[in-house]
1. Work out, step by step, the length gained on full extension between residue 359 and residue 143: first 0.36 nm times the residue separation, then minus their alpha carbon distance; give nm to one decimal.
2. If I build a Gaussian network model for the chain, linking alpha-carbon pairs within less than 10 angstrom, which residue out of 208, 287, 152 has the largest mean-square fluctuation?
3. Counting only heavy atoms of protein chains, what accessible area per residue, in Å², does the chain have with a probe of 1.4 Å?
4. In degrees, nearest 10, range 0 to 90: what is the angle between the Cα axis of helix 322-331 and the longest Cα principal axis of the chain?
5. Report the local net charge at residue 269: Lys and Arg +1, Asp and Glu -1, summed over other residues whose C-beta lies under 12 Å from its C-beta.
6. If packing is taken as the average number of other Cβ atoms within 10 Å across a peptide's residues, how do 266-277, 346-357 rank, most packed first?
7. What residue among 45, 187, 201 has the largest mean-square fluctuation in a Gaussian network model of the chain, using Cα springs under 10 Å?
8. For segment 14-60, give the percent of accessible area contributed by carbon and sulfur heavy atoms, probe 1.4 Å, rounded to a whole number.
Amino acid sequence: MKVLFVVQGEGRGHLTQALTLEKMLLAHGHEVVGMLVGKSKSRKIPDFFYEKAQAPIMTFDSPNFLPSKNNCHIGHIRSTIYNILKTPQYVTSIHEIWHCIRDSHADLVINFYEVLCGLTYFLLRPETPEVCIAHQYLFLHPDFQFPDEHRYSQQWLRWFTELTAIGASRILALSFHPYRDDPEGKITTVPPLLRQEVREIARHHGNYITGYILNAGFADSVIAWHQQHPHTPLRFFWDKKGAPVETIIDENLSFHQIDDEAFLESLANCKAYATTGGFESVCEALYMGKPALMVPAHIEQECNVYDAEREGVGIAADRFDLSRLLDFAHEYEEDVDFRFWENNAATRILAALEDVAENHEQLPATAMAY
């Protein structure tokens, strides 16, 4: 089976998932013929992705949410204006994606939550079957529970998620735990795509807290807590543009450019983990038995955090109050069931992909494809 990836380049979650799935496919005799990665001016695709991906990588301009002025949350007005002005580039990207799908002769396209891939299937109707895979597709499952607040934003999130999945033959929703299949929505829940290194790395209980912040503005919150608790060692990772590899505040607080191996090593040996609410790293912490504090930066992460808190994965907060995390760590118990669920990831995901590739009914071609 020849597979082409289309990956949203926002954050690190979809990128590490793509690397994990590539390795999984190669181990079972399949071929990844290429990776198309959405990029924008506000995010840098991390070096580890280029270093570890075995398939050729091509980037294209993709919609992205710009941070607010304080560089913590999403700047909605700024993002809307920016993406409207970029529409001509996005139209070009759609045609680039279509040509890559056609020229790759792939048996399957796997879409890691990239909206322009969904629009490509809506407008140009590639004949190659598409499977969508991401945690966000759990938001479309009829049994998923949303928080009570921000109902309008939740509707918008569901609409955007549906947009990314246009034309999908199957939707694989990464989840902390199994849900029933939803044949009507073509949704199957599967375990998270965690790297083999997460399962194999030696874990210890160190004396420091580690963390990952999506938007560098959250560093102010971390520094403020540190000033009140200067004796607790903190090691945080970010993707702040222009920052050096390591920014040392003092002997107990440092910020590091996101590095795949360094982050994993730090997570495996910390006492607790703090993050801005992304799904991937919370799953890594859960698998390693590390208690987590989650500070959501936008509505998608608010839904992630609500789901994680309901499952006992961690606790939510509106700022990096690490005292709450330390209190939670005292009563935290490792989730053995999650490890059993996660260990079935390869079997469940590969079975679904192979089923789609073998049983796909081609979509009708249209005159719009050129």
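The values are calculated or read from the model by the stated rules, or taken from the named source; none is laboratory data. Values in this document were obtained by computation on a predicted structure and should not be read as measured data. Here the Cβ is made from the backbone with ideal geometry for all residues, glycine too, and neighbour counts use every protein chain on show. When the accessible area is computed, the model is the full protein with side chains, heavy atoms only, and any ligands, DNA or RNA have been set aside. Shrake-Rupley method; radii C 1.70, N 1.55, O 1.52, S 1.80 Å.
1. Full extension from residue 359 to residue 143 adds 75.0 nm.
2. 152
3. With all protein chains present, the chain gives 43 Å² per residue.
4. Here the helix axis deviates by roughly 90 degrees.
5. On the way: positive: 203, 235, 271, 290; negative: 265.
Value of the local net charge: +3.
6. With the highest mean Cβ count within 10 Å placed first, the list reads 266-277, 346-357.
7. 201
8. 52
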